[in-house]
Structure formats: structure tokens, C-alpha cells
1. If only one of Ile123, Ile60, Ile127 is at pLDDT below 95, farther than 21 Å from Thr6 by Cβ and either touching a Pro at 6+ places or on another chain (Cβ under 9 Å) or crowded, with 17+ Cβ neighbours inside 10 Å (or both), which one is it?
2. When the residues of the stretch 15-53 are narrowed to those that are without any contact (Cβ under 8 Å) to a residue 40 or more places away in the chain and among the polar types (S, T, N, Q), which ends up farthest from Ser88 (Cα to Cα)?
3. Pick from the stretch 109-120 the residues that are under 16 Å from Val11 (Cβ atoms) and out of contact with any strand residue (DSSP E or B) (no Cβ under 6 Å at 6 or more places or on another chain): which of them is surrounded by the fewest Cβ atoms within 10 Å (Cβ to Cβ)?
4. Can Ser99 be described as modelled with pLDDT under 85 and either in a helix (DSSP H, G or I) or among the aromatic types (Phe, Trp, Tyr) (or both)?
5. Could you please tell me which pairs satisfy a Cβ distance under 9 Å, a separation of 6+ or placement on different chains, a first residue in the stretch 105-123 that is part of a helix (DSSP H, G or I) and of a type in the set (Asp, Glu), and a second residue that is at pLDDT 90 or above and surrounded by 12 or more Cβ atoms within 10 Å (Cβ to Cβ)?
6. Across the stretch 79-96, what is the number of residues that are surrounded by 16 or more Cβ atoms within 10 Å (Cβ to Cβ) and not aliphatic (A, V, I, L, M)?
7. Hey, can you tell me all the residues within the stretch 35-52 that are of a type outside the set (D, E, K, R) and either touching a Gly at 6+ places or on another chain (Cβ under 7 Å) or surrounded by 18 or more Cβ atoms within 10 Å (Cβ to Cβ) (or both)?
Amino acid sequence: MLDKKTTILIVDDTMIMRESLRRVLVSLGYENVLQAENGREALKTIENEGDNIGLVFLDIVMPILDGKSTLKKIRETDKKLPVVMLTSVADKDSIMECSKLGITSYVLKPINAVEGPAMLSDIFVRI
């Protein structure tokens, strides 16, 4: 089970999505939540925070640096950091490609207050 004190990074180009996910995480007791709006910001945050980040939620489709490219960069330096991909479409090819790069899981967006807590709790049990 993921420790409640774990710092979680949400990476999504849509502020509403980041805030929705943050609210669900807070409702589950996870209050150490950082946000980035693209892969470049995420990599800077991971570099600055180092081992403080214990989980990343990473959108696949984003401008500047997309989720797959960001995941590749993360895996160059950290093979163990749990990464959960976020996607609004069930694109099996993208999910398979990300799986080969070492994702922990994936979640279909949107993540709402009704179904989100149970869905995330299932993932957190496996981390």
C-alpha cells in the first residue's frame, strides 16, 4: 500500500484534470501533491525533488514533451519510480508501448470523485 506521506506528481496539460485528480488524492489522504503541465516541467520537478517523489501520474498526450517521451527520460535514470499513465482514449498501442517502458498501471480519464477513489485505491494496493 502506498504510504499516505508519499509525494505524488501529477503531470497533465489540462489544469482541470490535474485539480480533479488532486482532489481525489486528497480525499484518500494523500496531501503531498505536486503538479506539472508538461513533460519538461515534470522532469525538472523530478530532478529537483529527487527521491521525495514516490509516484507519478503521467498524461500520454501533452504538448512540449509528451508522456511516452517523458517516461523514456524517467526510465533512463530511475527504473523503479512508479508511473501511472493517464489517457482519455483506450489506445492499446500507446498503452502497450508504455508498458514496455515500464509503467506501473494506466488510468482512463476523466477521474471523478465517484469512481476515482476506488480505482486509485486498487492501484495503490499494488505499489
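1. Result: Ile60 is the single residue among Ile123, Ile60, Ile127 that is at pLDDT below 95, farther than 21 Å from Thr6 by Cβ and either touching a Pro at 6+ places or on another chain (Cβ under 9 Å) or crowded, with 17+ Cβ neighbours inside 10 Å (or both).
2. Per the stated criteria, the residue is Asn48.
3. Checked the stretch 109-120; the qualifying residue surrounded by the fewest Cβ atoms within 10 Å (Cβ to Cβ) is Pro110.
4. no
5. Asp122/Ser105
6. Final tally of qualifying residues: 3.
7. Within the stretch 35-52, Gln35, Ala36, Asn38, Gly39, Ala42, Leu43, Thr45, Ile46 meet the criteria.
The values are calculated or read from the model by the stated rules, or taken from the named source; none is laboratory data. Please read these numbers as outputs of a predicted model, since none were measured by experiment. Reconstructed Cβ throughout: ideal geometry from the backbone, glycine too, with neighbour counts over all protein chains shown.
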